[in-house]
Amino acid sequence: MKKIIIVVIISLILLIIGFVFISKLSQKEKLTDLSAADSLKVWVEILTPQAFELDAKNGRTVRELQTGDELSTGAMIETSKEGFINLYFSDSSVLRVSGNTKFILENSYFDSSSGKLNVKVNLLLGRVWSKILSLATPDSSWEVETSNAVATVRGTAFGMEYASGKSSVIGSENKIEVAVLDPSTKKAIKDAIVVIEPDKQVDINNEDVEKIKAGEKLLEIRAVSAETKKEEWIVKSKAEDEKINEIIEKLKKRGLK
């Protein structure tokens with residue numbers, strides 16, 4: 001009798017192990033079947049609290065964000081007065097978000113098989129700093145847009161600020177293409193596109209847009225002032241960028257891409 005009971009118990013244990021193994025295998029196959037773009041998301045690092053995900057329809061708080069949280073396309077994010085966060089993308093590019101900032105992550109597509117990356121950020125208020133490592137394919141793109149301007153880049157770093165109808169784009173690494181947007185059509189105004197280089201800045205005010213459309217005013221590129229360079233969000237962002245650049249140089253010296 002005891003032998004029969006032991007055999008039954010062993011049989012049940014083997015059945016349970018087999019079921020768990022098949023379940024794990026099934027889950028693995030499901031994960032493998034997912035496309036690279038579907039399985040990869042943007043994740044958050046909280047450097048200084050607080051940051052919140054909002055409902056894009058009514059502006060109500062959905063959750064307070066914690067380090068490691070993932071964001072999907074369409075997410076609306078807002079930081080507190082002292083908040084400072086990083087958003088990490090699938091190719092290791094970073095969006096640094098300062099305090100009192102609100103934006104919508106309109107696009108965050110990445111295909112690991114081709115390296116194609118498409119990111120679009122709609123900056124509603126505040127300051128963001130983009131550190132793009134390299135856009136690997138010709139159809140890759142990284143854009144930060146406000147109500148009256150859009151900055152488009154490939155592999156570079158730059159800051160963008162928007163408040164009270166004024167957009168400012170600050171160059172840090174390589175070149176940035178900046179276009180004036182028609183607020184009514186959200187399309188770039190013809191002949192109102194400039195390219196700025198490191199330590200250069202361009203400002204776009206709502207009251208100047210109609211003059212720019214009529215050809216009565218040109219975009220003015222100017223040097224970033226010493227006072228602006230000392231602003232905390234710029235100093236902090238550049239310091240973080242330098243850490244990334246140092247790592248990249250070390251990898252290059254080791255013969256790695």
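The values are calculated or read from the model by the stated rules, or taken from the named source; none is laboratory data. What you see is a predicted model, and the numbers here were worked out from it, not measured in a lab. We place every Cβ from the backbone using ideal geometry, glycine too, and count neighbours over all the protein chains shown. For accessibility, only protein heavy atoms count, side chains too; no ligands or nucleic acids. Shrake-Rupley method; radii C 1.70, N 1.55, O 1.52, S 1.80 Å.
Figures for the structure shown
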| item | result |
| --- | --- |
| Subset of region 19-62 (residues that are open to solvent by less than 70 Å² (accessible area, probe 1.4 Å), of a type in the set (Ser, Thr, Tyr) and modelled with pLDDT of 50 or more) | Thr48 |
| Those residues of region 210-242 which are within 18 Å of Pro198 (Cβ to Cβ) and within 21 Å of the chain's Cα centre (by Cα), in sequence order | Trp233, Ile234, Val235, Lys236, Ser237, Lys238, Ala239, Glu240, Asp241, Glu242 |
| Complete set of residues in region 37-86 that are of a type in the set (S, T, N, Q), within 14 Å of the chain's Cα centre (by Cα) and under 21 Å from Ser237 (Cα atoms) | Asn86 |
| Pairs where the first residue, in region 242-256, is at pLDDT 85 or above and the second is open to solvent by less than 90 Å² (accessible area, probe 1.4 Å), C-beta under 7 Å, 6+ apart | Ile244/Lys131 |
| Tally of residues being part of a loop (DSSP other than H, G, I, E, B), more than 18 Å from Lys131 (Cβ to Cβ) and open to solvent by 30 Å² or more (accessible area, probe 1.4 Å) across region 85-102 | 1 |
| Filter result (under 19 Å from Asn205 (Cβ atoms), out of contact with any Gly (no Cβ under 9 Å at 6 or more places or on another chain) and not aliphatic (A, V, I, L, M)) within region 147-176 | Ser164, Gly165, Lys166, Ser167 |
| Residue check, Thr48 among the polar types (S, T, N, Q), out of contact with any Lys or Arg (no Cβ under 9 Å at 6 or more places or on another chain), in contact (Cβ under 8 Å) with a residue 24 or more places away in the chain and closer than 27 Å to Glu242 by Cα | yes |
| Where a residue in region 149-165 is surrounded by fewer than 21 Cβ atoms within 10 Å (Cβ to Cβ) and its partner, wherever it lies, is among the small types (Gly, Ala, Ser), with Cβ under 7 Å and at least six apart | Thr152/Ser141; Gly155/Ser134 |
| Residues of region 127-148 that turn out to be open to solvent by 10 Å² or more (accessible area, probe 1.4 Å), in a strand (DSSP E or B) and under 21 Å from Lys236 (Cβ atoms), as a count | 1 |
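Matching residues to (1) within 24 Å of Leu95 (Cβ to Cβ); (2) surrounded by fewer than 16 Cβ atoms within 10 Å (Cβ to Cβ):
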site: Gln201; (1), (2): yes, no
site: Asn206; (1), (2): no, yes
site: Ile212; (1), (2): no, no
site: Gly255; (1), (2): no, yes
